[in-house]
Amino acid sequence: MTIEIGGQSIGNGRRPLIIAELSGNHRGTFEEAIEIVRVAASNGADAVKLQTYTPGTLTIDSARPEFVIHDAGSPWDGRRLWDLYAEAYTPWEWHEPIFRAARAEGLACISTVYDLSSLEFLLPLNPDAIKIASFEVVHIPLIKAAARSGKPLLLSTGMAEVTEIDEAVAAMRDNGCERFVLLKCTSAYPSKESDAHVSTMRDMGHRYGCEVGLSDHSLRPYAAYAATALGASVIEKHVTRARAHGGPDAAFSIEPDELRTLIEGCALVHASCGSVQYGPQPAEESSLKERCSIYVVRPVKKGESFTPENIRIIRPASGLAPKYYAMVLGKTCTRDIKEEVPMSWDLISQQS
């Protein structure tokens with residue numbers, strides 16, 4: 001089934017759709033959110049993505065230990081979930097004007113939903129696709145409701161066991177959604193290339209018979225390049241105008257020049273993969289004449305035999321093909337010839 005996001009068909013050998021994730025990089029300022037949208041467009045992104053939640057839709061205002069992040073490798077270590085989400089969320093009243101600005105720039109508009117209320121809020125804004133985050137891959141009621149929306153779904157699979165992906169895919173299909181993309185994701189912030197295991201993406205495509213892509217939290221483009229080479233339909237990256245500005249997601253967000261490098265690189269990798277191709281391509285036609293062939297390299301008199309001393313296989317390709325070399329050896333010459341003459345059948349006596 002063909003999937004279109006913002007009027008752009010994905011999959012079927014096309015280059016990947018590049019999504020710029022805004023997340024909390026607006027740092028609570030609407031004007032900054034609009035600037036990131038413009039940066040995404042001017043540097044070649046195809047879509048911009050928001051996150052639709054409030055602190056109250058994701059968690060409760062609690063200081064109990066389980067509501068505090070305990071991860072020394074995380075940029076959010078020691079923070080209460082409520083406080084983090086209060087800082088990072090995109091106010092719901094911003095969604096419509098951000099979507100309007102993005103569409104004016106030619107970008108598709110996507111958002112991640114986290115509960116039924118955020119889904120209900122988002123749908124009237126007519127998003128081009130709906131994202132389900134890795135942490136919600138087990139939120140089957142949400143996945144079922146999103147599937148019934150009729151929108152294309154992007155489902156991140158960070159941390160997910162095969163059985164959990166099985167359940168999520170079944171929830172989508174059982175509720176009428178076949179237009180979905182499974183995204184390989186490593187839920188570490190930032191993540192390392194050695195943790196990407198992008199080959200899993202291709203396995204998911206075979207296992208579930210669907211389009212696949214990558215949601216990447218690394219700071220370099222290599223995982224995205226690998227995913228492109230393996231057939232990714234979608235690449236998602238967090239984008240900021242400058243990591244030095246700070247913000248809850250700055251540590252794993254890429255800057256404008258890095259976004260452009262990633263997009264240009266993905267396009268080149270995709271072009272390099274091409275299709276199965278044998279025989280000379282148009283760009284190679286002029287090189288054919290530089291192949292090797294059989295040449296007479298010393299003078300030969302009429303009636304003399306061709307030997308390893310007077311014929312050789314050398315470049316260019318003006319003489320007989322090298323595969324005839326053994327056939328020519330020992331044959332006699334039909335006329336006097338000088339050196340530097342390409343071998344041809346009329347020089348070979350058929351009486352030899």
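At a glance:
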| item | result |
| --- | --- |
| Which of Arg64, Arg103 is most accessible, then next, and so on - probe 1.4 Å | Arg64, Arg103 |
| Candidates Pro65, Pro280, Pro55: whichever shows maximal mean-square fluctuation once the chain is modelled as a Gaussian network with Cα springs under 10 Å | Pro280 |
| 1.4 Å probe accessible area per residue over the range 226-307, in Å² | 53 |
| Sulfur and carbon atoms: percent of accessible area, the range 30-189 [1.4 Å] | 51 |
| The chain: relative contact order in percent, alpha carbon pairs under 8 Å with at least 6 residues between | 16 |
| Reachable aspartates and glutamates from Lys301, criterion Cα separation under 12 angstrom, eight or more residues apart if same chain | Asp336, Glu339 |
| Rounded to 5, percent antiparallel among DSSP beta bridges of the chain | 25 |
| Positive dipole terminus of the chain, leading residue within Ile294, Trp92, Pro65 (C-beta point charges) | Ile294 |
| Carbon and sulfur %, accessible surface of the range 241-307 computed with the full protein complex present, 1.4 Å | 53 |
| Rounded to whole Hz, the Karplus (6.51, -1.76, 1.60) HN-Hα couplings of the range 302-312, x for glycine and proline | 4, x, 6, 8, 7, 9, x, 7, 10, 10, 9 |
| Mean accessible surface per residue for the range 308-348, computed with a 1.4 Å probe while every protein chain stays in place, in Å² | 62 |
| Between the range 115-176 and the range 71-96, the Cα center-to-center distance that results, in Å | 21 |
| Listed pairs Lys151/Lys184; Lys151/Lys237; Lys144/Lys192; Lys289/Lys331 exceeding 24 Å between Cα atoms | Lys144/Lys192; Lys289/Lys331 |
| Per residue accessible area in Å² of the range 1-134, where ligands, DNA and RNA are left out and the probe is 1.4 Å | 42 |
| Solvent accessible area, Å² - Asp336, 1.4 Å probe, full protein context | 90 |
| The range 215-252-the range 3-29 distance, computed between alpha-carbon centres (Å) | 12 |
| Environment charge at Asn25 (Cβ cut-off 15 Å; Lys +1, Arg +1, Asp -1, Glu -1) | -3 |
| Solvent-accessible surface ranking, highest first, for Phe121, Phe180 at 1.4 angstrom | Phe121, Phe180 |
| Amide H contacts of Thr186 (H built 1.01 Å from N, under 5 Å, at least 5 apart or other chain) | His217 |
| Solvent exposure ordering (accessible area, 1.4 Å, most first) of Met327, Met1 | Met1, Met327 |
| Area of Ile60 that stays accessible when all protein chains are in place (1.4 Å probe, Å², to 10) | 100 |
| Area accessible to solvent at Trp82, 1.4 Å probe radius, in Å² | 70 |
| Kirkwood hydrodynamic radius of the range 208-352, from inverse mean 1/r over distinct Cα pairs, in Å | 20.4 |
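The values are calculated or read from the model by the stated rules, or taken from the named source; none is laboratory data. What you see is a predicted model; the values in this text were computed from it and never measured. Don't worry about glycine lacking a Cβ; one is built from the backbone with ideal geometry, like all the others, and counts go over all protein chains shown. Just so you know, the surface numbers come from the protein's heavy atoms only, side chains and all, with ligands and any DNA or RNA stripped out. Shrake-Rupley method; radii C 1.70, N 1.55, O 1.52, S 1.80 Å.
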